[in-house]
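Below is one structure, written out as structure tokens, with a few remarks after it.
None of the figures in this text is laboratory data; all of them are computed from the coordinates on show. On a predicted model such as this, the values are computed, not experimentally measured, just so you know. No Cβ is skipped: glycine too gets one built from the backbone with ideal geometry, and neighbour counts run over all protein chains shown.
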Amino acid sequence: MIKQILVIMIFSMAFSGVLQAQESLSKNAIGLRLGDEDDTGLGLEATYQRLVSSDNRVEIDFGWRNEDAGGLDFDLYKLTGLYHWMFGINKGLYWYVGPGASLRYLTFDSDAVDSEFDVFIAGNVGIEYNFAIPLQLSFDIRPEFGITDDTDDLEIDWGLSVRYKF
């Protein structure tokens, strides 16, 4: 009898926590992600999230950077797609984890250097807070492993995001 009451209490608390946590989630969020600027990071990216179920979503990020590095001028474009499993910590506070992939195109303004197209397998883990107003703040770490010839190493991309929820 005590076992049954304990099980019912645990399920009730878990269910109420899920319902309470879902109050602050919105179907869509759009904003900016500021990350590192190593070989795969872009500094500033446009980011969009779409809720696909009560605790799963997809995220798409697009970034562009123009840089002059050592006399070599280049443009870098990157498109990243991620899938998140979300876990409520407290009302409005979540952590998430999931797989993804990135496509990167690097083009040089010099005829002496060829353009590059690179593919990355990515993972993502992060924490976010959804305010009662339509604002979301998050911090994430995105390890990316290059699977093309020029990028066969592991890069760690981190980012801080600010999104408008709707």
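In nm, give the distance between the simple-model label positions of VAL97 and ILE30, each being 7 Å from the Cα along the Cα-to-Cβ direction.
Going by the 7 Å Cα→Cβ label model, 3.2 nm.
Have a look at PRO99, LEU135, VAL125 and report the one farthest towards the positive end of the charge dipole of the stretch 84-166, computed about the Cα centre with Cβ charges (Lys/Arg +1, Asp/Glu -1).
My answer, from the dipole projection, is LEU135.
Quick one: if you take sqrt(5λ) for each eigenvalue of the C-alpha gyration tensor of the stretch 53-106, what semi-axes come out, biggest first, whole angstrom? It would help to have the intermediate numbers written out before the result.
Numbers: eigenvalues 229, 29, 11 Å².
Output for the stretch 53-106: semi-axes of 34, 12, 7 Å.
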